[in-house]
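The values are calculated or read from the model by the stated rules, or taken from the named source; none is laboratory data. Quick caveat, the model's predicted, so the values are computed rather than measured. When we count neighbours, we look across all protein chains shown, and the Cβ atoms used for this are built from the backbone with ideal geometry, even at glycine.
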Amino acid sequence: MPINQQILLDNRPTGEAVASNFMLVSSDTPELQDGQVLVRHHFLSLDPYMRGRMSDAKSYAAPQPLGQVMLGGTAGEVVESRSPKFQPGDKVVGMGGWQEYSVVSADQPGALRKVDTTHVPLSHYLGAVGMPGVTAWYGLVKIIEPKAGQTMVVSAATGAVGSAFAALSKARGCRTVGIAGGPDKCKYAVEELGFDACIDYKLHADAASLTKALRDACPDGIDGYFENVGGMVLDAVLLRMNAFGRIALCGMIAGYDGKPMPLAYPALILTNRLKLQGFIVSEHMEVWPEALKELGTLVGTGKLRPRESVAQGIEAAPEAFLGLLKGKNFGKQLVKLI
Ligand SMILES: NC(=O)c1ccc[n+]([C@@H]2O[C@H](COP(=O)([O-])OP(=O)(O)OC[C@H]3O[C@@H](n4cnc5c(N)ncnc54)[C@H](OP(=O)(O)O)[C@@H]3O)[C@@H](O)[C@H]2O)c1
């Protein structure tokens with residue numbers, strides 16, 4: 001059986017996560033038992049939620065245990081099978097974690113899913129046609145409930161979730177405005193992702209300045225906001241929300257290192273009669289088939305061409321993950337293993 005390189009969570013961050021929180025180890029892959037398959041991972045998915053799991057603070061999910069393989073989504077190929085459900089060569093996605101191989105019990109519901117790579121590249125099943133894409137779909141369709149002609153705004157606009165949001169929002173006939181960090185990301189958002197406008201929040205020192213840029217980009221106000229960031233960006237958007245606007249609270253990455261993020265104008269939620277709803281995509285498995293069908297069609301027909309940041313080799317995973325938390329990724333952050 002092959003040697004498996006793995007990355008474990010060695011210790012928990014205090015404040016900012018650092019590379020020494022992780023440890024690279026090697027181990028033998030165990031012999032397969034009946035009903036198990038061996039998967040060779042081609043791609044690891046790096047996602048902001050992993051920062052939350054590294055901490056043992058109270059949250060919606062249990063913390064990542066110390067000394068165990070970092071959890072995470074994986075896409076790969078079955079290389080050996082003792083289950084009639086999977087054959088060597090099957091392309092699969094699962095939650096194999098930060099390691100080169102995983103042994104999976106094929107009967108465990110949802111543990112491993114075969115995917116068709118004829119029209120959708122394997123890596124996109126970790127991004128636009130996977131969890132991040134469904135996240136964008138759920139927040140837009142089920143919480144924001146957009147109507148054609150309305151104005152939608154999303155932060156972290158060029159990332160895995162934000163780029164899928166753009167395609168879904170444009171498909172519903174909405175004016176779609178992004179907020180992203182830096183001129184290159186904003187140019188790409190408009191020229192490649194189809195945003196009607198994109199605002200570089202890094203050009204604005206405070207919410208008052210950012211909200212002026214939003215007024216220009218959203219002359220009819222904002223009806224739906226998909227929040228990925230929090231802090232100054234949320235303050236600026238709240239100032240431009242229309243009455244009865246809807247906010248899907250998806251992520252608050254600006255505060256993942258534990259810094260407090262006070263809301264400057266909470267009274268606007270009342271005076272504008274806003275709906276603000278947080279959600280966790282894995283608690284809404286009932287929408288995944290419908291969402292994945294639409295996202296797969298958007299990618300397969302070229303209407304959504306997601307960009308990826310690809311780090312090479314398992315040993316590159318910690319630095320790539322720390323970069324993701326600082327906006328160094330440009331599109332879905334992956335680690336390519338073969
Ligand atoms: N609720 C759920 O079920 C669920 C599921 C999936 C993802 N999420 C959340 O969705 C958000 C996006 O996830 P993703 O996978 O698509 O990641 P991503 O957007 O591909 O990458 C994260 C991006 O966040 C931005 N960012 C990082 N630090 C920031 C800061 N201090 N201020 C402003 N922006 C910052 C950076 O973009 P810029 O360079 O543009 O700033 C960075 O590229 C995250 O908040 C994540 O936690 C939630």
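Criterion first (within 16 Å of the ligand (Cβ to nearest atom) and more than 15 Å from residue 337 (Cα to Cα)) does residue 75 satisfy it? Taking the combined requirement at face value, the residue does not satisfy it.
Do we find a residue being without any contact (Cβ under 8 Å) to a residue 60 or more places away in the chain, among the basic types (Lys, Arg) and either outside the structural domain of residue 235 (by TED's automatic domain parsing) or assigned to a strand (DSSP E or B) (or both) anywhere in the stretch 324-332? Yes. For the stretch 291-312, the count of residues that are within 23 Å of residue 97 (Cβ to Cβ) and more than 16 Å from the ligand (Cβ to nearest atom) is at least one.
Please verify whether the stretch 190-208 includes one or more residues that are away from the ligand (no atom under 13 Å from the Cβ), at positive phi and of a type outside the set (A, V, I, L, M, F, W, C). Yes, some residue in the stretch 190-208 is away from the ligand (no atom under 13 Å from the Cβ), at positive phi and of a type outside the set (A, V, I, L, M, F, W, C). If you check 251, 178, 231, 221 for being within 16 Å of the ligand (Cβ to nearest atom), at positive phi and at pLDDT 95 or above, only one passes: 231.
Flag not set for residue 93, criterion: more than 16 Å from residue 334 (Cα to Cα), at pLDDT 95 or above and of a type in the set (Val, Ile, Thr).
Of all helices (runs of 4 or more DSSP H) completely enclosed by the stretch 196-308, which ones contain at least 1 residues that are within 21 Å of the chain's Cα centre (by Cα) and not hydroxyl-bearing (Ser, Thr, Tyr)? Because the criterion is at least 1 residues that are within 21 Å of the chain's Cα centre (by Cα) and not hydroxyl-bearing (Ser, Thr, Tyr), the helices (runs of 4 or more DSSP H) in the stretch 196-308 that meet it are 232-238, 288-300.
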